[in-house]
Every structure is written in C-alpha cells, then in structure tokens.
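The values are calculated or read from the model by the stated rules, or taken from the named source; none is laboratory data. From a predicted model like this one, the values you see are computed outputs, not experimental measurements. Here Cβ is always computed from backbone atoms with ideal geometry, including for glycine, and neighbour counts include all displayed protein chains.
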Amino acid sequence: MTKQDGSYDFRPVTEKDLPMIAGWLAEPHLAEWWNDAETEIAEIREHIDSISVEPLIVELAGKPIAYLQSYDPHLEDDHPYADQPFGTLGIDLSIGPPELLGLGHGSAIVRRFVEDLFEEGVPRVIIDPNPANIRAIRAYEKAGFRAIDRRQSVYGDVVLMAIDADDEQMGE
C-alpha cells in the first residue's frame, strides 16, 4: 500500500460538488469511460438522496481528488449484478485531476474504502471496469480484486471483479 493510504477521507457529495465533478468528467481520461457530463451529473444529483447509491468525494489532505460511489445491486429492480451474494456492494471510482493518475491513488483509495466496508460487515465488494480500461483493472487487481466474470449489460461490456471479506482476512 502507498504512504497516502491512511489520509483519504470520504464525504457525501453535495450540490456544491457537482460543478467540480462535471469538470473532472470533461477530462479526457474520464470522458473516455463516462457518458456525457450533463447526463452523469443529473444521475449523481439524483443519487445524493438515493437509498441504493451513495455518492462520495474522496479527499486527500482535505483536497477533493476523486468521485467514488457505492451501490447495493439488490435495491434496484433488474440490476445486472443482483445475482451476487446478498450484502454485496458495488463501487465505482474516478480520479479527477489528471496529474494524480499513475501515482497509486486508485488502488490505495479502493483498498481503504473496501477495508471500511468489510469492517461494517459487507461480505463482498464488486467493481466493473470496461475491459479496455487496463489502468483501472490493474489498480483494482493491486487492491486485491480478481476477475470473476465478463458481462454485457446496460453498463456495456464489463469485467466483473470482486473481493470477499474472507479473501481479505486470508491475505493479512
């Protein structure tokens, strides 16, 4: 793990964060994997008060550096990952500022967040990068995720990756 691992903070997204997130989504490294910013921001705005999705800002030393969301695939009708064990949560991560890419933040943020979820009793965490997003897949593997399936769904072509609380304990 990286030195920064303990200094990430996760806070709920507020309406005031939406312009910043929109700016991040316009960056080429994110625009490649997300829909248009206007559509995405509308969805994130809806998630602010959602029961099934928790949108978060990741801060490093008090500075916002990433958007992270967790979701429960069992709380949405016909969710393509509802076949995962009960209690499973899914996550998505996008590092905002391009100058922070390739420094180990992605795997460190995911690892830290997953540890928090396991402490809360979550049995499995899933993530679903596009198979062409090699940078993300490597970061998630570094954080302990393993590919469990390749799927075509409403989210497109994805590599479904998972880490289980049992795996976590065995690895320590």
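Odds and ends about this structure:
- Just one of (1) assigned to a helix (DSSP H, G or I); (2) within 14 Å of His29 (Cα to Cα); (3) touching a Leu at 6+ places or on another chain (Cβ under 9 Å) fails for Ser94. It is (1).
- Checking each residue in the range 117-167 for being among the acidic types (Asp, Glu) and assigned to a loop (DSSP other than H, G, I, E, B) picks out Glu120, Asp128.
- Against the test of being touching a Leu at 6+ places or on another chain (Cβ under 8 Å) and either under 25 Å from Glu120 (Cβ atoms) or loosely packed, with under 14 Cβ neighbours inside 10 Å (or both), the options Ile148, Ile163 yield a single qualifying residue, Ile148.
- Matching option when the condition is in contact with a Phe, Trp or Tyr (Cβ under 8 Å, 6 or more places away or on another chain), farther than 21 Å from Ala26 by Cβ and either surrounded by 13 or more Cβ atoms within 10 Å (Cβ to Cβ) or at pLDDT 95 or above (or both), among Glu115, Glu59, Glu76, Glu54: Glu54
- Residue within the range 154-169 that is within 15 Å of the chain's Cα centre (by Cα), more than 25 Å from Leu18 (Cβ to Cβ) and at pLDDT below 95 present: yes
- Candidate set from the range 93-129 (those that are touching a residue at least 40 places away in the same chain (Cβ under 8 Å) and among the charged types (D, E, K, R)); member that is farthest from Met20 (Cα to Cα): Arg124
- In the range 12-25, the residues that are of a type in the set (Asp, Glu) reach residues that are surrounded by 13 or more Cβ atoms within 10 Å (Cβ to Cβ) and assigned to a helix (DSSP H, G or I) with C-beta atoms within less than 9 angstrom, at least six apart or across chains, in these pairs: Glu15/Arg45; Asp17/Ile44.
- Apart from one condition, Ala82 fits all of (1) of a type in the set (A, V, I, L, M); (2) touching a strand residue (DSSP E or B) at 6+ places or on another chain (Cβ under 7 Å); (3) in a loop (DSSP other than H, G, I, E, B); the exception is (2).
- Qualifying residue in the range 6-16 (condition: outside any loop (DSSP other than H, G, I, E, B), touching a Phe, Trp or Tyr at 6+ places or on another chain (Cβ under 9 Å), of a type in the set (D, E, K, R) and more than 27 Å from Asp164 (Cα to Cα)): no
- Residues in the range 31-53 that are among the aliphatic types (A, V, I, L, M), under 27 Å from His74 (Cα atoms) and part of a helix (DSSP H, G or I): Ala37, Ile41, Ala42, Ile44.
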